[in-house]
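**Student:** Below you'll find the structure I mean.
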Amino acid sequence: MRSKVVAALAAAALIASAQQWQAALPSYHYEFPRDYFNHPEYQTEWWYYTGNLHAGDGHRYGFELTFFRRAIHLPAQVAAEDATWRPDELYLAHLALSDIDGGTFYHTERLNRAGPGLAGISLEQRRYWNGNWQVRWTSLDSGDQQLQAVCDRFKLMLSLKPQKPAVIHGKNGISLKGPARGEASHYISFTRLGAEGQLDRNGKSIAMTGLAWMDHEFFTEPTGSTVAGWDWFAIQLDNNEELMLYRLRNREDAETPYSSGTYVDAQGKARFLDAGQFSLTPGETWRSPNSRARYPVVWSISVPSLGLQLSERTMLRNQELFSQDSISPSYWEGAVSYQGQMRGHKVNGVGYLEMTGYGKAVRLDGSAGIN
């Protein structure tokens, strides 16, 4: 009940101008490890962890653990209250497990104020957390991290080790999302994290290995943004190369010219891809029995400059994060696989696909909009 009260307060306060926060602008000077952690001068920030794992017998799983920080402008009477419980920053987190071979999907979420340490992001503590969900950096130099997520259905513990340096997406320090000043984000990824750990589920402890991906974005969305949804692809190929591609859609469901991507070669060198350098073509759809949204779960991907043609598939079509009482809009995010050709050679891969705005339009900050 308390979470709903806080969410309602936040929704009412969001009508205030966002001009008090800093916009994502060109020529931002990145500094690490600082930029892996929180940026309170920006209104919205998130950390996404996704990955494809397998047990010793080959059984496949996918996971998602995401942390969101949302700053709000408080009415004067609220801002004057005790700082410990003052909701000037809200922390939302999502957790999902895809049992790919078992054909089941589970997800949950939580919302907290920082309070007396309930949730937060801290360079000093080297961690992101929301209750007993957390990622702790064990080494700021190497980027090694420990992920922990505990809920009523399972417990997931993973050691994450970067196999390549972090990548900065976009051009001139920003990933553009539209034509307005500040309609962009500062966007960082670890595109290939070796993952090893344990899943406790149904009374069993299962040793897991695989690949994970981490995204971190921070920005302040300007008023009047026309983005209504997006399709985002994390692609980890078996030739040790990766791609991040996203397709932005406006309120007429047309692709915008601000879609873009990043190609990462086997040595970790990144190259920017603008909207004209790749195509993402939706195919067969799946209709959610919950939200009634229809999501394209089959895609064709082409990047001519790389000689790349891929088809995307998923064995588990229902990977929609939906709840009737959810404080965030429904969206589809799940483990997928890729098959195709690259430079004349067969290539396969795994990754994650996120699709938003197929039910209600969403804002870049993740809040629901109006169709």
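**Student:** Counting other Cβ atoms within 10 Å, keep those with at most 16, restrict to DSSP loop, and tell me which trypsin sites (Lys or Arg not before Pro) in the stretch 206-280 are left. Walk me through the numbers before you get to the answer.
**Tutor:** Details: sites: R247, R249, R251, K269, R271; in loops: R251, K269.
Answer by residue number: R251, K269.
**Student:** Kindly state, to the nearest 0.05, the FRET efficiency for E284 paired with W85, given R0 = 41 Å and r defined as their beta-carbon distance.
**Tutor:** Details: r = 48 Å, r/R0 = 1.17.
Efficiency for this residue pair is about 0.30.
**Student:** Could you pull out the longest piece of the chain with no exposed loop GluC sites (Glu not before Pro) in it, calling a site exposed if DSSP puts it outside H, G, I, E, B and it has at most 13 other Cβ atoms within 10 Å?
**Tutor:** Values: sites that count: E31, E41, E81, E124, E252, E284.
It works out to 125-251.
**Student:** By how many nm would the segment from D265 to Q163 grow when fully extended, if each residue of separation counts as 0.36 nm and the alpha-carbon distance is taken off? Don't skip to the end; give the middle numbers.
**Tutor:** Details: separation 102, 0.36 × 102 = 36.72 nm, distance 1.22 nm.
Contour length minus Cα-Cα distance gives 35.5 nm.
**Student:** At 7 Å along the Cα-to-beta-carbon direction for both S27 and H59, put a label point, then send me their distance in nm to one decimal.
**Tutor:** Between S27 and H59, the simple spin-label model gives 5.6 nm.
**Student:** In percent, what relative contact order does the stretch 119-163 have, based on Cα pairs under 8 Å that are 6 or more apart in sequence? List each step's numbers first, then the result.
**Tutor:** Details: 76 pairs, mean separation 11.1, N = 45.
Across the stretch 119-163, relative contact order equals 25 percent.
**Student:** On to the next question. For each of F272, F105, count neighbouring Cβ atoms within 10 Å of the residue's Cβ, then give the residues from fewest to most. Please report the intermediate quantities before stating the final value.
**Tutor:** Details: F272 15, F105 19.
Sorted ascending by nearby Cβ count, the order is F272, F105.
**Student:** Under the Karplus relation 6.51 cos²θ - 1.76 cosθ + 1.60, θ = phi - 60°, what is the ordered set of whole-Hz ³J(HN,Hα) values for the stretch 57-67, x standing for Gly and Pro?
**Tutor:** 8, x, 4, 9, 9, x, 9, 9, 9, 10, 10
**Student:** Can you give the net charge of the other residues whose Cβ lies under 14 Å from the Cβ of G197, counting K and R as +1 and D and E as -1? Don't jump to the answer; show the numbers that get you there.
**Tutor:** Numbers: positive: R136, K155, K161, R201; negative: D144, E196, D200.
Here the charged neighbours net out to +1.
**Student:** To continue, here is another question. From the phi of every residue in the stretch 315-324, what ³J(HN,Hα) in whole Hz does the Karplus formula 6.51 cos²θ - 1.76 cosθ + 1.60 yield, where θ is phi - 60° and glycine or proline is x?
**Tutor:** 7, 10, 6, 8, 10, 8, 8, 9, 8, 4
**Student:** Separate question: Give the long-range amide H neighbours of A24: residues separated by 5 or more places, or on another chain, with amide H under 5 Å away, using H modelled in the peptide plane at 1.01 Å from N.
**Tutor:** Close amide H contacts, sequence-distant or interchain: A184, T220.
**Student:** Report ³J(HN,Hα) in whole Hz for each residue of the stretch 202-219, in order, from the Karplus equation J = 6.51 cos²θ - 1.76 cosθ + 1.60 where θ = phi - 60°; Gly and Pro get x.
**Tutor:** Working through the residues one at a time gives 6, x, 10, 10, 10, 6, 10, 9, x, 10, 10, 9, 10, 10, 9, 10, 9, 5 Hz.
**Student:** Order of M342, M214 from fewest to most other C-beta atoms within 10 Å?
**Tutor:** Working: M342 17, M214 25.
So the residues, fewest neighbours to most, are M342, M214.
**Student:** Now for a different question. Please report R113, R69 as a ranked list, fewest other C-beta atoms within 10 angstrom at the top and most at the bottom. Before the final figure, lay out the partial values.
**Tutor:** Details: R113 20, R69 24.
Arranged by neighbour count, lowest to highest, R113, R69 become R113, R69.
**Student:** What is the distance in Å between the Cα centres of the stretch 173-226 and the stretch 84-140?
**Tutor:** Result: 13 Å between the Cα centres.
Since every read-out is calculated from the coordinates, none of them should be taken as a lab result. What you see is a predicted model; the values in this text were computed from it and never measured. Using ideal geometry, Cβ is built from the backbone for each residue, glycine included, and neighbour counts are taken over all protein chains shown.
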